[in-house]
Amino acid sequence: MKATCAPGTGRDRSFALPALLSISIALAASCGGDGERSGGDVPGGDGESRAAYELLMNESAGNVFVLDGQNNPALTVPAGKAVTVKLVNTGSAIHNMRFSGIDGRYFTGDDTVSDPEFISPGKKGVLIFTAPGVPGEYLYQCDIHPTDMFGDVIVLD
Ligand SMILES: [Cu+2]
């Protein structure tokens, strides 16, 4: 089989380009279709923002924030509005929540942190912050588990 293929290599190459083109066209077409169908699932893509959330904090999937069964959810919020995130620690470790503020960095002057700052197992807290007036993606995390517990705050106009 290899012997019959080898002489045709030069010709195969000339066929390869149109073949690749048609494959990529087919892929593009199917990707476009998928994008239209799943548009509503893209975080923030459905244009729905909320100013109130309630998150669980626990160790059900490693250390994690949970919103309606979704781990480390993106929180879509309205620009410039006060946002209230109720926090319920249903786990066995201490957790908290910090919003990066408009600079997208932690432990800077524009951060907002939960009250109380550290929430013990079985306890509740709240993080209240003003969403930046500039639409975009910002960040939140748990200071104690920053590599496990983090997500996006998506600000919509
Ligand atoms: Cu944590």
Ser49 being within 16 Å of the ligand (Cβ to nearest atom) and either of a type in the set (Val, Ile, Thr) or at pLDDT 60 or above (or both): no
Of all residues in the range 116-130 being open to solvent by 70 Å² or more (accessible area, probe 1.4 Å) and farther than 24 Å from Gly62 by Cβ, the one that is farthest from the ligand (Cβ to nearest atom): Thr130
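So that you can scan it fast, the table gives a plain yes or no per residue for (1) at pLDDT 95 or above; (2) basic (Lys, Arg); (3) outside any strand (DSSP E or B); (4) over 24 Å from Asp143 (Cα atoms):
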site: Gly32; (1), (2), (3), (4): no, no, yes, yes
site: Gly39; (1), (2), (3), (4): no, no, yes, yes
site: Pro43; (1), (2), (3), (4): no, no, yes, no
site: Tyr53; (1), (2), (3), (4): yes, no, no, no
site: Leu56; (1), (2), (3), (4): yes, no, no, no
site: Pro73; (1), (2), (3), (4): yes, no, yes, no
site: Val85; (1), (2), (3), (4): yes, no, no, no
site: Phe107; (1), (2), (3), (4): yes, no, yes, no
Counted residues, the range 84-115 - those being of a type outside the set (Gly, Ala, Ser) and within 11 Å of the ligand (Cβ to nearest atom): 7
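The values are calculated or read from the model by the stated rules, or taken from the named source; none is laboratory data. Nothing here was measured: the structure is a model prediction, and the numbers come from that model. Positions of Cβ are generated from backbone atoms using ideal geometry, with glycine treated the same way; all protein chains shown enter the neighbour counts. All accessible areas refer to the heavy atoms of the entire protein, side chains included, with ligands and DNA or RNA removed. Shrake-Rupley method; radii C 1.70, N 1.55, O 1.52, S 1.80 Å.
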